[in-house]
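Just below is one structure, and these are the notes that go with it.
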Amino acid sequence: MQIVLLGILGYLIGGIPFAVPVVRLLSGHDVRSTGSGNVGARNSLRVAGAGAGILVLVLDALKSAIPMLLTDALFANKLAVAVVGVAAVSGHCYSPYLLLRSFKSPWQNWRNWLLLVGGQGLATGLGVISVFTPILALPLLAVGAFFAVVLKRSSWAALVMISTAPIAAYLLGYADVVWLSIAACAIIILTKLWQDYPFKE
């Protein structure tokens, strides 16, 4: 029961759409109805500039990392930490605070619906990776930066980063609960990334 409650708390924290107040404060725009409509760091950067993008990236990573670290400090239970991390990523991708708003919009197709209910989860997933496998965080960011900046393919950057993370964690010998939780986050994030197929940006 304790793990279930921690998972619910992680989901509610992960669902906080920081991009909405940050972009509104820095640009006056509603990130949900500007650019791609996504409430993640990438659209925040498009709509309100680099400062907003970086701030949202950091906040979205912290909303998984801080609850995981607190759970570890209080309970010293890796499974509970993993559940909180995966729940936070789920909350970001399928925010309870945005679900109700999405029902007010006319249905068009599943990709548009996915845009309305949360971000793609990469920053929150990086928070999970940073807590569980900090040795992977910087290399993954470097790979992502190469795809995003040099190749101008931000969707491919996200795809490569999140796909390789659980494989790398497994090969480095991390415990099953670690690489499996990262793999669960990857599946959730890849589901959201599919809306960008064929990954033209």
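The values are calculated or read from the model by the stated rules, or taken from the named source; none is laboratory data. Bear in mind the structure is a predicted one, so any value in this text is a computation, not a measurement. All Cβ positions, glycine included, derive from the backbone under ideal geometry; neighbour counts span all protein chains shown.
Looking at S27, S33, S64 in this structure, which one is closer than 30 Å to L79 by Cα and either of a type in the set (S, T, N, Q) or in contact with a Lys or Arg (Cβ under 8 Å, 6 or more places away or on another chain) (or both)? Steps first, answer last, please.
Working: S27 fails: closer than 30 Å to L79 by Cα; S33 fails: closer than 30 Å to L79 by Cα.
Result of the check over S27, S33, S64: S64.
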Give me the helices (runs of 4 or more DSSP H) completely within region 91-161, filtered to those with at least 3 residues that are at pLDDT 70 or above and either aliphatic (A, V, I, L, M) or touching an Asp or Glu at 6+ places or on another chain (Cβ under 6 Å) (or both), ordered by residue number.
96-102, 122-132, 134-145
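Quickly run through region 1-17 and pick out the residues that are more than 10 Å from G119 (Cα to Cα) and under 14 Å from the mean Cα position of the chain (by Cα). Even if it seems obvious, please write down each step before you answer.
Initial filter on region 1-17 (more than 10 Å from G119 (Cα to Cα)): 1-14, 16.
Residues satisfying the conditions are G10, Y11, L12, I13, G14, I16.
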Looking only at residues in region 22-52 that are under 13 Å from L122 (Cα atoms) and part of a helix (DSSP H, G or I), which one is nearest to the chain's Cα centre (by Cα)?
A41
Is one or more of the residues making up region 75-97 over 21 Å from G125 (Cβ atoms) and crowded, with 17+ Cβ neighbours inside 10 Å?
no
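Go through region 1-50 and report how many residues are small (G, A, S) and closer than 18 Å to Y94 by Cα.
As a first pass, look at region 1-50 and keep what is small (G, A, S): 7, 10, 14-15, 19, 27-28, 33, 35-37, 40-41, 44, 48-50.
The next check asks that each one be closer than 18 Å to Y94 by Cα; those that pass are 7, 10, 14-15, 19, 33, 36-37, 40-41, 44.
Residues that pass the stated criteria total 11.
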